[in-house]
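The values are calculated or read from the model by the stated rules, or taken from the named source; none is laboratory data. Since this is a predicted model, take the numbers as computed values, not measurements. Here Cβ is always computed from backbone atoms with ideal geometry, including for glycine, and neighbour counts include all displayed protein chains.
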Amino acid sequence: MLAVVTSLITALCIFGLFIAPGLAGLWFVICGGSFGITFILAFALIGMRTSDHRRAASLSTMSQATAYLIAAAGPVAFGWLRDIAAGCTIPMLSLVAVAVIQAVAGLGAGRQRQV
């Protein structure tokens, strides 16, 4: 549940930049806190959802490789969307969509089961 809440806080902060850009400092501080929580939580869930160290290593390798690949493509995709849309509205809304997708994934990862 914590993964869902922090992901939705991230979405709210990004959306908040549209609604009240004058409060950008506040949005960035709150968003930074939610980023920190979700980052640490991702690593904690790997250990909590595996039954032994071999599975933890395997899951960690797969999830980190996938996450860093997506993260490396993010700035390029953001810039591409900005160029096509001639502004930052569509790229920022795509970040909100990614945060909502992260919340859905967090709902699945937060279940009480092991892989």
Criterion (assigned to a helix (DSSP H, G or I), at pLDDT below 95 and either surrounded by 13 or more Cβ atoms within 10 Å (Cβ to Cβ) or not basic (Lys, Arg) (or both)) met by exactly one of VAL29, VAL98, VAL115: VAL98
Suppose the filter is in contact (Cβ under 8 Å) with a residue 60 or more places away in the chain and under 21 Å from LEU17 (Cβ atoms); does LEU107 pass it? no
Please pick out the residue among SER63, SER34 that is out of contact with any helix residue (DSSP H, G or I) (no Cβ under 6 Å at 6 or more places or on another chain), in a helix (DSSP H, G or I) and surrounded by 14 or more Cβ atoms within 10 Å (Cβ to Cβ). SER63
Please verify whether ALA3 is surrounded by 14 or more Cβ atoms within 10 Å (Cβ to Cβ), in contact (Cβ under 8 Å) with a residue 40 or more places away in the chain and not charged (D, E, K, R), treating the condition exactly as stated. yes
For region 62-83, state whether one or more residues are in contact (Cβ under 8 Å) with a residue 24 or more places away in the chain, under 22 Å from PRO21 (Cβ atoms) and under 11 Å from the mean Cα position of the chain (by Cα). no
Scan region 9-26 for residues that are farther than 16 Å from GLN102 by Cα, part of a helix (DSSP H, G or I) and free of Cβ contacts under 8 Å to residues at least 60 places away in the same chain and jot them down. GLY16, ILE19, PRO21, GLY22, LEU23, ALA24, GLY25, LEU26
Scanning region 44-59 residue by residue, those touching a residue at least 12 places away in the same chain (Cβ under 8 Å) and either of a type in the set (Gly, Ala, Ser) or assigned to a helix (DSSP H, G or I) (or both) turn out to be LEU45, ILE46, SER51, ARG55, LEU59
